[in-house]
Amino acid sequence: MRITKRRSSVVSEPKTLKNGITIHHDKTKSLMKESWKTRHSYHNRQDGLHQMDRTCQTTLFRLRTGHNRLKAHLYKTYKIGYTDLCSCGEAAETVKHVLQDCQNYRMFRQAAWSIRTDLQTKLWGKIE
Ligand SMILES: [Zn+2]
């Protein structure tokens with residue numbers, strides 16, 4: 001049995017459907033692109049998120065949205081665990097606490113950010 005590779009149809013030629021409607025592939029594609037851009041105006045291709053591998057993207061996305069495995073979220077949302085307190089005992093284990101204040105993660109913060117950096121920049125700033 002011989003398998004032949006089918007050539008894709010010429011996309012620039014308009015096609016007429018059984019119901020008489022003519023479809024112009026290129027025009028349809030550009031309209032869909034514009035529609036997507038309008039509906040997703042918040043999408044920023046310059047966001048460093050797009051330069052990361054999938055694992056890092058997932059972690060950052062979870063930190064940004066607050067849907068993560070930190071105790072504050074797990075306890076408040078799913079009633080998992082006995083408390084939302086961080087293991088340091090100082091505050092709820094939130095994204096802000098871990099990235100800004102927790103003494104348990106001070107060494108990691110200093111390694112990642114040599115100078116004091118605000119939470120907004122840590123979550124949404126450019127990759128250096
Ligand atoms: Zn802590």
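The values are calculated or read from the model by the stated rules, or taken from the named source; none is laboratory data. Every value quoted in this text rests on a predicted model; they were computed, and no experiment measured them. All Cβ positions, even for glycine, are placed from backbone atoms using ideal geometry, and neighbour counts span all protein chains on display.
Here is how the numbers come out for the structure above:
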quantity	calculated
Test: Phe108 is without any contact (Cβ under 8 Å) to a residue 60 or more places away in the chain, within 16 Å of the ligand (Cβ to nearest atom) and aromatic (Phe, Trp, Tyr)	yes
Residue match in the stretch 55-63 (condition: surrounded by fewer than 11 Cβ atoms within 10 Å (Cβ to Cβ) and modelled with pLDDT under 95)	no
Sole exception among (1) assigned to a loop (DSSP other than H, G, I, E, B); (2) within 16 Å of the ligand (Cβ to nearest atom); (3) surrounded by 14 or more Cβ atoms within 10 Å (Cβ to Cβ); (4) without any contact (Cβ under 8 Å) to a residue 24 or more places away in the chain for Glu90, by number	(3)
All positions within the stretch 76-104 that are hydrophobic (A, V, I, L, M, F, W, C) and under 24 Å from Lys122 (Cα atoms)	Leu85, Cys86, Cys88, Ala91, Ala92, Val95, Val98, Leu99, Cys102
Scope the stretch 88-128; condition touching a helix residue (DSSP H, G or I) at 6+ places or on another chain (Cβ under 6 Å) and modelled with pLDDT of 95 or more; matching residues	Cys88, Ala91, Ala92, Glu93, Thr94, Val95, Lys96, Val98, Leu99, Gln100, Tyr105, Leu119
Boolean, Leu85 is modelled with pLDDT of 90 or more, under 20 Å from the mean Cα position of the chain (by Cα) and aliphatic (A, V, I, L, M)	no
Test for Thr58: is it in a helix (DSSP H, G or I), away from the ligand (no atom under 16 Å from the Cβ), hydroxyl-bearing (Ser, Thr, Tyr) and within 28 Å of Lys33 (Cβ to Cβ)	yes
Meets criteria (away from the ligand (no atom under 16 Å from the Cβ) and among the polar types (S, T, N, Q)) for Thr77	yes
Residue satisfying condition, being closer than 27 Å to Asn44 by Cβ and away from the ligand (no atom under 16 Å from the Cβ), within set Leu119, Leu63, Leu99, Leu123	Leu123
